[in-house]
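S.K.: The following block contains the structure, expressed as structure tokens.
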Amino acid sequence: MSSDPAVSSDPAVMSGPDSRWRERHAVLAAGYGGRDDPADPALVLAMPIVLHIPKADPPKRTALLEAAASAAVALCLDERVGFTEDGEPGPWHEDYSAWVGARIRKVSRRARGAQWLAAQEVPGITVDVDGAQARALVPGPVGELDPRIKKLQIGGTDLEHDEPGEPEPGIPVLWIDSALEMTVGKASAQVGHASMLLAAAMSENQCWAWAQNDFRCSVRDASPKQWAEAVGRLKRSEAVAVRDAGFTEVAPGSMTVIAVP
């Protein structure tokens, strides 16, 4: 990844990551295990992403996707997935390690009202972007999903495309292939994949600087011209791409998101 983070005078950025943070980044940078799925579908591992979509005042689609992308990568680098100063595994370490050793899957569900409040009690990280909220939960077997999350609807709800304008300068951009016409649930999983891949492709210091900005990113539906430009950057090793396994909505091997630092 050729782009360097902007120079910052923030003491947290200048001090750099500690050894335990570097270990967590190394897990991402090593790539995913790709272990074959278990014979029992209930044992397939996935990261649930809960999207807060109130009925009366739903969030902007773009902001919600940005929240989902930031939440997914924030969980992957949270201190609870790694080891403590004493070398003991954090409370999320075992579940997270099993997940990154398998095929990376995310399943998005929507929540509102009391459902959303209940989801906050399930281990994970919530991110708010301009009032849009998404919560990435600790991965685990789909058949052992917390009852408070299992009852949440996976499909059937979408949000209209908004017009967010130009990407915010100085932060990564996750370009979505708009021709695929993904639902907000599918798109949230894909941008979550993209933020993880981007963090993995960054150097430790680049990713640390991004972390100090709460993994803020711009998500945009790419026009044909913008998509072609993003593909060009991908070919020059200046970006990373998500290629979907094709379990839902899109054909296997579809390139869904290109993340540009």
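S.K.: With the requirement that a residue be of a type in the set (A, V, I, L, M, F, W, C), in contact with a helix residue (DSSP H, G or I) (Cβ under 7 Å, 6 or more places away or on another chain) and either in contact (Cβ under 8 Å) with a residue 60 or more places away in the chain or open to solvent by less than 40 Å² (accessible area, probe 1.4 Å) (or both), what does the range 138-159 give you?
M.R.: Across the range 138-159, the qualifying residues are 138, 142, 149, 152, 159.
S.K.: Would you check which residues across the range 214-237 are in contact with a strand residue (DSSP E or B) (Cβ under 7 Å, 6 or more places away or on another chain) and outside any helix (DSSP H, G or I) and list them?
M.R.: Those that are in contact with a strand residue (DSSP E or B) (Cβ under 7 Å, 6 or more places away or on another chain) and outside any helix (DSSP H, G or I): 217, 218, 219, 220, 221, 222.
S.K.: Read through the list (1) within 13 Å of residue 256 (Cβ to Cβ); (2) of a type in the set (Asp, Glu); (3) out of contact with any strand residue (DSSP E or B) (no Cβ under 8 Å at 6 or more places or on another chain), then give the number of the only condition that residue 244 fails.
M.R.: Checking residue 244 against (1) within 13 Å of residue 256 (Cβ to Cβ); (2) of a type in the set (Asp, Glu); (3) out of contact with any strand residue (DSSP E or B) (no Cβ under 8 Å at 6 or more places or on another chain), the one that fails is (3).
S.K.: Let me ask something additional. Identify all residues within the range 36-50 that are open to solvent by less than 10 Å² (accessible area, probe 1.4 Å) and either out of contact with any helix residue (DSSP H, G or I) (no Cβ under 6 Å at 6 or more places or on another chain) or over 29 Å from residue 113 (Cα atoms) (or both); write none if there are none.
M.R.: Once the filter is applied, which keeps residues that are open to solvent by less than 10 Å² (accessible area, probe 1.4 Å) and either out of contact with any helix residue (DSSP H, G or I) (no Cβ under 6 Å at 6 or more places or on another chain) or over 29 Å from residue 113 (Cα atoms) (or both), the range 36-50 yields only 47.
S.K.: Would you say residue 110 is touching a residue at least 40 places away in the same chain (Cβ under 8 Å), part of a strand (DSSP E or B) and either crowded, with 17+ Cβ neighbours inside 10 Å or out of contact with any Cys (no Cβ under 8 Å at 6 or more places or on another chain) (or both)? Before you say what the answer is, go through the steps one by one.
M.R.: Details: touching a residue at least 40 places away in the same chain (Cβ under 8 Å): yes; part of a strand (DSSP E or B): yes; either crowded, with 17+ Cβ neighbours inside 10 Å or out of contact with any Cys (no Cβ under 8 Å at 6 or more places or on another chain) (or both): yes.
When the stated conditions are applied, residue 110 passes them.
S.K.: Which count do you get for residues in the range 78-93 that are open to solvent by 100 Å² or more (accessible area, probe 1.4 Å), among the acidic types (Asp, Glu) and either assigned to a loop (DSSP other than H, G, I, E, B) or within 16 Å of residue 48 (Cα to Cα) (or both)?
M.R.: Of all residues in the range 78-93, those open to solvent by 100 Å² or more (accessible area, probe 1.4 Å) come to 79, 85-86, 88, 91.
Add one more test, that the residue is among the acidic types (Asp, Glu), and what stays is 79, 85-86, 88.
Retained after the next criterion (residues that are either assigned to a loop (DSSP other than H, G, I, E, B) or within 16 Å of residue 48 (Cα to Cα) (or both)): 85-86, 88.
The qualifying residues number 3.
The values are calculated or read from the model by the stated rules, or taken from the named source; none is laboratory data. Quick caveat: nothing in here was measured; it's all calculated off a predicted structure. Cβ atoms come from the backbone with ideal geometry, glycine included; neighbour counts cover every protein chain shown. Surface accessibility is based on the protein's heavy atoms, side chains included, excluding ligands, DNA and RNA. Shrake-Rupley method; radii C 1.70, N 1.55, O 1.52, S 1.80 Å.
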